[in-house]
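The values are calculated or read from the model by the stated rules, or taken from the named source; none is laboratory data. Keep in mind that this is a model prediction, so the values were computed, not measured. Neighbour counts run over all protein chains shown; Cβ positions are idealised from the backbone, glycine included.
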């Protein structure tokens, strides 16, 4: 008796796409369910708008062209849009999702493509490691600020790493939705700040004029400013990576790239301009240059007047931050010079002159209740 022929499975095997010039054979197995909006959300979220406003923007103001720095985002947007024209056109000719690897391999050969791929891999791994090194202390500080226990930085970093791993393992649609929620929260925070500046009339000196003043735009180091501006767009080229997951790659990838670049550029330029206006043109560079006091250098003052450090890793002569101490009627007796100040209190010996730095903020007013003062323990 003859055996029945096994069912054919050829219909379930997706077609093989061969890019002979690049030496690449790809077998697409992913569902094409990402539209333009989903890819834009993923790319813009990777750029981290809130992180840029708190990172590259102050650095660009301090080390770049000062209050003319917002114009650097205009320059960066135009330059990257010109680059994106050729970048997105290659989507129709290179049928693989390798992005830079596929493009370089197609043009310069597989060896050069592999080299570009490893350079990109190392760069993104270094960037990811830095991000986890930043988010760990951030989570620890957030927990402590809400009255929670002090936790090591690596616990927060591990939680973030695990969450990213789970989302990366699951379907990309889930990651897109999570990133959309987080991105909307980031953008909302910055937009609230922008709206507050706009409705308050632009800050103590009105709206900044640096973005339209040629002398300010070319002042300082505009090249450094453009460097930080381009850094703020990191990840926008990832649109090409989602070729196998986009519904219509030849149309979706270019559209998502242009929308991402223009949206990011306008958002950063306007937000940086309003941030400078909130501080004031005359003080923006100084405010961006001054380093904030580390958390561990902020001492706590008890009602008895003795200092209690919040961390054992603090310097032996931490700077006082009177705003963090309880309010009092009678501030400590201070005799200050241009460099140092003496702190004394009733019943406590005065500190040695030159031991403690001058306080960075003014002391509370004498109308505050109760009597206390700070002195070194």
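When 221, 240 are screened for being at pLDDT 85 or above, within 30 Å of residue 124 (Cα to Cα) and either more than 15 Å from the chain's Cα centre (by Cα) or not assigned by TED's automatic domain parsing to the domain that holds residue 34 (or both), only 221 passes. Determine, yes or no, whether residue 131 is surrounded by 14 or more Cβ atoms within 10 Å (Cβ to Cβ) and modelled with pLDDT of 90 or more. When the stated conditions are applied, residue 131 does not pass them.
Would a scan of the stretch 179-200 turn up a residue that is assigned to a loop (DSSP other than H, G, I, E, B) and either at pLDDT 90 or above or surrounded by 15 or more Cβ atoms within 10 Å (Cβ to Cβ) (or both)? Spell out the reasoning first.
So in the stretch 179-200, the residues assigned to a loop (DSSP other than H, G, I, E, B) come out as 200.
This time we only want the ones that are either at pLDDT 90 or above or surrounded by 15 or more Cβ atoms within 10 Å (Cβ to Cβ) (or both), so: 200.
Yes, the conditions are met somewhere in the stretch 179-200.
Taking the stretch 87-105 as the range and being surrounded by 17 or more Cβ atoms within 10 Å (Cβ to Cβ) and at pLDDT 80 or above as the test, the residues that pass are 87, 88, 94, 101, 102, 103, 104, 105.
Condition check: surrounded by fewer than 21 Cβ atoms within 10 Å (Cβ to Cβ) and more than 19 Å from residue 223 (Cα to Cα). Does residue 108 satisfy that? Steps first, answer last, please.
Values: surrounded by fewer than 21 Cβ atoms within 10 Å (Cβ to Cβ): yes; more than 19 Å from residue 223 (Cα to Cα): yes.
When the stated conditions are applied, residue 108 passes them.
Scoring residue 296 on the criteria (1) part of a helix (DSSP H, G or I); (2) modelled with pLDDT of 80 or more leaves a single failure, condition (2).
With the structure loaded, tell me whether residue 105 is in a helix (DSSP H, G or I), out of contact with any strand residue (DSSP E or B) (no Cβ under 6 Å at 6 or more places or on another chain) and free of Cβ contacts under 8 Å to residues at least 40 places away in the same chain or whether it fails that test. Against the criterion (in a helix (DSSP H, G or I), out of contact with any strand residue (DSSP E or B) (no Cβ under 6 Å at 6 or more places or on another chain) and free of Cβ contacts under 8 Å to residues at least 40 places away in the same chain), residue 105 does not qualify.
Residue-wise test of (1) surrounded by fewer than 15 Cβ atoms within 10 Å (Cβ to Cβ); (2) over 22 Å from residue 233 (Cα atoms).
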{"residue": "124", "(1), (2)": "yes, no"}
{"residue": "139", "(1), (2)": "no, yes"}
{"residue": "142", "(1), (2)": "yes, yes"}
{"residue": "159", "(1), (2)": "yes, yes"}
{"residue": "165", "(1), (2)": "yes, yes"}
{"residue": "169", "(1), (2)": "yes, yes"}
